[in-house]
Amino acid sequence: MLSRREVLAAGGAALAGGLAGCGSSPPTPDATFDAPTTAWPTAGYDPQATGHAPAGPTEGTVSWSVSRSSANPPLYGALSPPVVADGTVYVAGLATHYYRPDDFVSPLAAIDAASGSVRWVEGFADGLGGGPAVVGDDSETVVVGGYDGALHAVGSDGSSEWTADLGGRLGTPTAYGNRLYVESGSGRLHAVGSGGDRLWAADRPGPSELLVGPDEPVETTMPVADDRGVYAAFTPFEREREAVVVLGYDHGGGRRWRTVLDGRYGRSPGGLAVTDDALYATVGGTVYALDADTGEERWRFVTGSTVAGPPTVDDERVYVGAKNLYALSRSEGVEQWRVVNEAPPSHHRDPTALPYLARPPVADGWVYLRTGAVSADDGTRLWGGDADEWLQSGNYFAEPYYRRPMASPVVTGDAMYLTHPHRGVVKVA
């Protein structure tokens, strides 16, 4: 009988031959993005996950909130950041250590953006591993990734449209034109057509990682894409190895480059964002800028935390939430300002202690933080103090959400929408 190592070695040899690009390559997708002011269609706003919208609200108070218990099935789980399209807010409840997929039904909810009324909720018995993305020219299809390795497409009326069985625990997909990219817990990057057809699956981060350690990486993150290709980040298969692997592929699934990033300050892949000149990545509490064409490191910034959230980018700066919110120069990674979270990270009944880990939306000189906004120039508070006090009021345990943001906001031209572990889904306008 073959040993496990021999079996894995045989699999690694086969895999090294390449899953990506087998057969004829699919055509490069057309990915025109119109930068809407009334929608936030994917977790990162655009396929590059810059989080940079043309406009956002300039003031606001709580307009409505939808509690977790008001839906059927309830909005339990780690609530994903919302996405907004065609007057509807979509939110998913994710399976986690505290919401186990073997006895937990993950909800996908559609909420009327104007009134806050719940239009429908669909339950996924095997649990969801990632948040939603809205795809298609008519914004009538919502796609989510499941713990069961299936990518689920749901119509704007809640009806099932298609399912693509990919394998592994699936995260949040990125929509790029008529294509979806999603990472799996088995360490693969998948490309799927907007109709559910499987296009290609890229190989694992590297054959050496396949030979030892568990079959699944510890964590993945949402891929990002531009006209050069698609970018993904995985923890390696050796759990003892303090690093994260970042890979660049072309749109046919061919690997362009592979970079290993130091994880001495924590090794969770917090997120990616790509611009014309650089790929920005957070690994643990460190922010990296890489050459998007070669993967070569340009600069790094250490926040001092063990974890940081996904970066956002405007024309001048990179914004990252860790314990504090940091604004860094795009060219050199030099800190320009920070918004200090006075309370230390804590596992006690103090929601103010939770770090700023959400992707901070940026629009027209404003950076959005929890329920308000600060100036992109210097970080001074512009508005939102009263709503922030309401959001943080209450006496509850923060522990289940310690490595997740307390509030995950997105913006349209006239409103902010956010998810909160105890307030549910909230509109500030």
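Figures for the structure shown
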{"read-out": "Normalised alpha carbon radius of gyration of region 269-314 [divisor 2.2 N^0.38 Å]", "value": "1.06"}
{"read-out": "List H152, H190, ordered by accessible area with a 1.4 Å probe, largest first", "value": "H152, H190"}
{"read-out": "Ordering of 36-44, 164-172 by burial proxy (mean other Cβ atoms within 10 Å per residue, highest first)", "value": "36-44, 164-172"}
{"read-out": "Cα-only radius of gyration and Dmax that characterise region 42-161, units Å", "value": "14.2, 43"}
{"read-out": "Region 243-332: GluC sites (Glu not before Pro) in DSSP coil with no more than 16 other Cβ atoms inside 10 Å", "value": "E296, E316, E332"}
{"read-out": "Kirkwood Rh, Cα atoms: Rg over Rh of region 24-109", "value": "1.06"}
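The values are calculated or read from the model by the stated rules, or taken from the named source; none is laboratory data. If you're wondering where the values come from, they're calculated on a predicted model, not measured in any experiment. With ideal geometry, Cβ positions are generated from the backbone for all residues, glycine too; neighbour counts draw on all protein chains shown. Accessible surface is based on the protein model in full, side chains and every heavy atom, while ligands, DNA and RNA are left aside. Shrake-Rupley method; radii C 1.70, N 1.55, O 1.52, S 1.80 Å.
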